[in-house]
Every structure is written in C-alpha cells, then in structure tokens.
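Bear in mind that the values in this text are calculations on the coordinates, not laboratory data. All of these numbers come straight from a predicted model, not from anything done at the bench. Neighbour counts are summed over all protein chains in view; Cβ atoms, including those assigned to glycine, are modelled from backbone coordinates with ideal geometry.
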Amino acid sequence: MTTQHIQLTEHGRLKHFLSIEGLSKELLTEILDTSESYADMSGKQIKKVPLLRGKTIINLFFENSTRTRTTFELAAARLSADVITMNIATSSTAKGESLLDTIRNLEAMHVDMFIVRHALSGAAYFIAEHAAPHISVINAGDGQHAHPTQAMLDMFTIRQYKKRFEGLKVAIVGDILHSRVARSQIQALNTLGVEEVRVIAPKTLLPNQVRQMGVIDFHDMEEGLSGVDVIIMLRLQKERMNSAFLPSESEYFRCFGLTEAKLKHAKPDVMVMHPGPINRGVEIASTVADGPHSVILQQVSNGVAVRMAIMSMIISSSGGGA
Amino acid sequence: MKKILIKNGHIIDPLNQRDETGDLCIAGGTILSIADTAGFHPDLVIDAAEQIVCPGFIDLSVCLREPGHTQKGTIASETRAAAAAGVTSLCLPPDTRPCIDTPAVVELIKDRADKAGYPRIHPIGALTQRLAGTELSGMFALKQSGCIAVSNANQPLANLLILRRAMEYASSHNLLLIYRANEFSLSAGGCAHEGAFASRYGLPGIPEAAESIALAQCLELAELTGCRVHINQISCKHSVIKIQQAKKYGANVSADVAIHQLHLTEEDMTPFDSAYHVLPPFRGEIDRKYLRDALANGTVDAISSAHQPHDLDAKLGAFPDTEPGVAALETLLPLLLNLTRQQVLTLPQAIASLTQKPAKILGLPVGHLSPGAPADVCVFDPQASWTVDNENWLSAGKNTPYWGQTLTGRVTHTLQNGSLIFRLAAAENS
C-alpha cells in the first residue's frame, strides 16, 4: 500500500518525487542537507551552477499557482536548465486532449523532467507511470494527495530554527481534509521523528480515521496548541462556506484563527508557519502573520533552495548530471 | 437437438439436494430422469470425471455495453465471456445507450442475443424514462416485451416520492424492483471508500452511510407499497444489518453482493491503480466479514459478477477521473471457489448462490437439474489453474485487479437449453 516502488531507482535513489510516503529518514535528511548548500548560495552574487546545463524541464501546471510555479522556475534556472512553463488549465486539455496525449506530445520534444501540478489526486503518479523511462516527474501538488516539495521546504525551515526534529510537538491547523500539503507534512514530520503531530480542526475538515495517519486530533485551539513548538496554519478556501463545511469566516476565525491570545498557549519560542497565500483575518491575524514568531517569508525563500536540491538529486541519480 | 451424456461427474444440484457422483442425460434441450441412462444413446459424451456438474450460473448483473458503448464490449463478445464463465442466464442492467426504456430497445437486444447464439439475456427495464429519475417508464410495455424486472441502475431518483410511486406502479404489474442503494448527496464526487486508504491518499470518499441510508429508505417504502425489492450489490456491514432486520420482520426482500466485494478491501488496493476503481467501493475488513457471514447465513441471498467491461481509455487517467467497474465474469468461478477453500461457504452453498437463489429471486424455471428442466448446465474443473492473460481472456474489457494472476477453477463445458455454448479448448478431447 505505498507509492514507494515507482519513485526510487533500483539503488534506492530518487527517480521521481511524488510523495513523502515510502521515503526513508536518511533520504529526507539528505534532501535537507543538500538544500542547505543551495540556501547558502542564494545569498551570493552569482546564483547559478551548471549542474543541469542542457537539460529541459517542463513546468506542467494543470491548475493555477504563482508561488510554487515561480520557485520551480527559479530553481531550474539557477541550475542552468532550460525551463518552460505550460499552463494547461487554459490550453489543450480544454479541447479534449487527454492527459496521456499531452504527455506524449511533450515527450516527443526530448524533455528530461516534468514538474506537475494537477487538480486530481494521483495525477503525478499516473504521469510518472506512463512517461518514457528517461523522464523524471516532480509532484508540485496533486489534488488532495500530496505536495512533497512544499513539505520538504517546511521541514527545512523547521530545522533551520529548531536544529532538530526529536522532541518537537507540531500542530497543523485548518482544512486537513482537502489539504495535500498537510498529508505530505504529516508523513515528513513522522518520518523525521518529531515527538507528536497534532491536527486541529472542526470534524468537517478532518479526514475519516485521521489517527491512522499518525496524528492526534483536536477540535479546540487552546487545547491543541498547548505546549507546541511549531504551528502550521493552512489556507482556508472560501468555497468551504458554500458547501456546509463551515458556517462563516468570522466563526471560523473565532474558533480556529491564530491570534496572539491563542499563541500564548504554545511554547514561548513557538514558530508560526503557513504555506501561503494567507487569508488575513480568516485563519491568521495580521499581528501574528507579521509578528516575531512568523517565519512565513523565510519559507518562501527556502522554497527555491529545496527545489534545487530535489531536482539536482534526481538528475544525478539518473546518471545524467553534467 | 443433440442427445448429450455427461458422465462420471460430481453432480451438485442445491435445489434437489444432490451431491453425488453420477451421470446426466440431456435430450430435446431438457434434463432427463436420472434413472434413464440404460437405453440412452447419446450423440455426444462429456467425460466429467474429477469435475463438478452443476446448474448453469444465473448472473443478476452483467453489463454487455451494447447498445451504445460497443468500444467497451458487445453482446457477442460479452456473451462469449459469459458462456466461458459458466453463466447461462444473465440480467442486463438498463443503463445502455439508449437505455432500456422502450420495447424497441428490448427487441434490439433480444435480436442481437439470438444472433450471438445466447438467448438467455434478461433485460432489466428502466424504472424511469431515460433513467432521468422523474417520470415513470412504460413498465407494463417493458414487461410485455420481455423485461424481467425494473431498475434505475446507478442513476438517482429525483426524490422519495418518485421511488414510492415507482414501487406502487411496479408492484401493480407484479414487477420486481432491482435497487442499488446510493444516497447521492452523500456519495457525490467520491471514488473510494471513506476510510484510512482514501484519507491517506487524498481520494474523495464515499461513506457506508450513503448506501445504508438509501437502503433503509427503500426498505421502508417496500413495506409501505408492498413492492418486491431486490437490493443489488451491497457493500457494507450496515446494509447487512438492515437487511437482516427487515427479513426478521418478514419483508419480501432479497439481496446480492458482487463477487469481488467478498474478496477485496481498501487494504488490497494498489494506490491510484484504476483497476480497483469500483462502485460501490472496496470497503473495510469488517465489511467484508459481514458480507461473507451474511452469505453463509442467508441474509444475503445471491452473488453476482457485477461485470462491467471497459475500454483501455476509460481506465487511463488520474484515479478519480477513470470510470468505475471491474470486468468480472471470467474470474467469477475461481473467486467463488476461493470462498469454499477459505471455508466461508460449502460448495453446494456457493453454487446455490449463483443458481437456485437467483432463479428464485427472478422467478426463472432454471437453476436446477430436475428432470424436465431446461438443460442449462455448467461443468467445471475445480483444480485447474489458469492465468488471467490475453490468451485465456474473452471479455473485451481487461479491467480486473486479477490481471496477470493465476487462479484455480475453470469451466470446461457450458450448456444452454441443451446446446453446448462453450467448450474449453483443452477439453476438446473429452
């Protein structure tokens, strides 16, 4: 019951990056270590390395995104790859071209890597399974399934501030049910060995049998935040109000919005994270988002380094490093 | 018509409680008296030593995909698969295109069935016009033209009042209602059982309650209207409990379960493998246990294949985007025998769930080997193993989780109305 076999080479190296599931602590740690060397580089005058020179990467976005797409583009460019972004949401699939036809056509252009975002769970996995053998796939978010690069940049940020995972208590707050980010974060945090992962949300926004995912569930913010080292807030989609998941934004903010008052229940050195884009006054108060505990912008900066690390590890494990 | 002798087989005929080695004589399309072997001069002898001889299987739900979806299968291709599966009577759900809501479509199907040399296709008429769930179909005309029952297949009814009226009207014409329990407001958008697997892989879930709530409503209305109801393809513990209660209070209701639901659970699913995309979805271990027990104690009456062949494209895509359904005819017997090997059912019980029981539900004169009965017979080798691959597969749909696996139990001969409609190539010499 894992996606592990397809994303690793026979030597256990990264072939694709589709999900955190099935990846070892050692491999995740290696991603974080590699990211660190790229993070150091971002501060330098010349930000480019020739590692992926001559490689062609296609950003295949079947769903809109600004931040993720941009950081992938930057990461590819800094590794000297040729990178093209295609917003398929508005192109050929609208004309009835199937997912597989799109992939076949792009393959014919001698592509080395696809970075895929899609609205359906399992889409990146499907593409990895059906693409030509020399092509690698990075999942940039598929439906409600996984967003593993986001999870890794969050892990990187946590390690940057906390220097360790052992003994940490982490709370993820908000729409866990629909969140691919949360699913990947939960798997990464547990693999890296934090003490406790908590999810805090009303039952309408929690998946069935959530404890089997390796978390403890809370429906009360103050209780759930008590003594935690890290708080990860999730974005609340406005359409949740229309389909009876929640009564109103204001009631949600009252119960589950992160305010300075609620923050006091966490440890004094708690760090506050958010994968963005944030809804001020819905899931998080501006004073917290911009306050001393917030590392939200640092997460964005780290996004480039972590994505560079993952791309370079994939290309080097396929034996194609320049 | 040929005179056929099936000799030395292990005859299992649940209705007549026969379970013994013996010979079966067939002439004029019917079963002859058992004692008649002396003086019987057959045109064809089938040596059934080491094999089981039983009534041909009656399948409550087989999608043939014709008319309308012939890229997935045709009456010719799927009846060949049915014959190879030992199935001699099958019910065709009404969701063809056009759907079975006029006698003309019934005529077309009957005509194609005759041409395919497989006359025992029993079309199920649409309960509502175009299956749209709002206006009643011409059920009397459908019955006159040969529909065995009425159903709305997987399509929703506008509201409970339509279901009530449809039940009242169907029962006025003594028509059986075949009902698939699904509360659409609870299952909409779902593609997997709402459980640990769906949570983990971020797949939109379908809770058991979507089925058991619709089932409870249907049972209440059956009580109110006196309509005879058969519940098709139940999948969960709570449905079993509801049917058990209804039967305890004397309700005129029967139920079946799809063969794969008795074997696979969400735990068995390979992530994002569309071969496992099926409705109702593969449930939990506890549900499977309840379904198996229910079959053993008679709460659930019958097993169906719920055969739904698909073309390759229908199963090629991101999991939620693929079409649900399993091509299940040809794995029916080996999976049935697995239930006996796992001691869920005795062999006569297993065979009854595909013969005597569905015949009773449908009011058909087949499903047993009594003298004078139509000679619908299945002969199978319970020990023969075979691999689910291109060489052995007849259905146009290759969408099965068992593809590539080696299964045990294989039909060698199928007789329909005294004619041999299938003989396994390896059994040519017999």
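For the residues of B:263-276, the average number of beta carbons from a partner chain within 10 Å of their own beta carbon is 3.
Bridging of residue A:264 to aspartates and glutamates at a Cα separation below 14 Å is possible for A:222, A:223, A:229, once same-chain residues fewer than 8 apart are set aside. Partner aspartates and glutamates whose Cα lies under 12 Å from the Cα of residue A:55, excluding those fewer than 8 positions away in the same chain, are identified as A:82, A:112.
In straight-distance terms, cross-link reach from residue B:248 covers every one of the lysines whose alpha-carbon lies under 17 Å from its own, apart from those fewer than eight places away in the same chain; here that gives B:237.
Using the beta-carbon distance between residue B:273 and residue B:41 and R0 = 51 Å, what value does 1/(1 + (r/R0)^6) give for FRET efficiency, to the nearest 0.05? Efficiency, rounded to the nearest 0.05: 0.40. Relative contact order for region B:50-193: 18 percent, from Cα pairs under 8 Å spaced at least 6 residues apart, divided by residue count. Taking θ as phi - 60° and the Karplus parameters 6.51, -1.76 and 1.60, the scalar couplings of region B:388-397 work out to 6, 8, 4, 5, 9, 9, 10, 4, 5, x Hz in sequence order, x denoting glycine and proline. Within chain A, the selection of entire DSSP H helices by a Cα span of 30 Å or greater along the long axis and an average Kyte-Doolittle value of at least -1.0 returns A:296-317. In order along region A:80-86, the phi-based Karplus estimate (6.51 cos²θ - 1.76 cosθ + 1.60, θ = phi - 60°) of 3J(HN,Hα) comes to 6, 7, 7, 10, 10, 10, 10 Hz; Gly and Pro are listed as x.
Annotation for region B:314-338 versus region A:5-40: alpha-carbon center distance of 34 Å.
As a rough footprinting exposure proxy, the listed residues A:110, A:147, B:69, B:230 were ranked by other beta carbons within 10 Å of their own, and the order from fewest upward is A:110, B:69, B:230, A:147. Neighbour counts of C-beta atoms inside 10 Å place A:137, B:87, A:272 in the sequence A:272, A:137, B:87, starting with the fewest. Among the listed pairs B:110/B:143; B:72/B:398; B:143/B:360; B:315/B:398; B:115/B:315, those whose Cα-Cα separation exceeds 21 Å are B:115/B:315.
Angle of helix B:160-172 to the longest C-alpha principal axis of chain B, folded into 0 to 90 degrees and rounded to 10: 30°. Listed from fewest to most Cβ neighbours within 10 Å, the set B:301, B:23, A:229, A:82 follows the order A:82, B:23, A:229, B:301.
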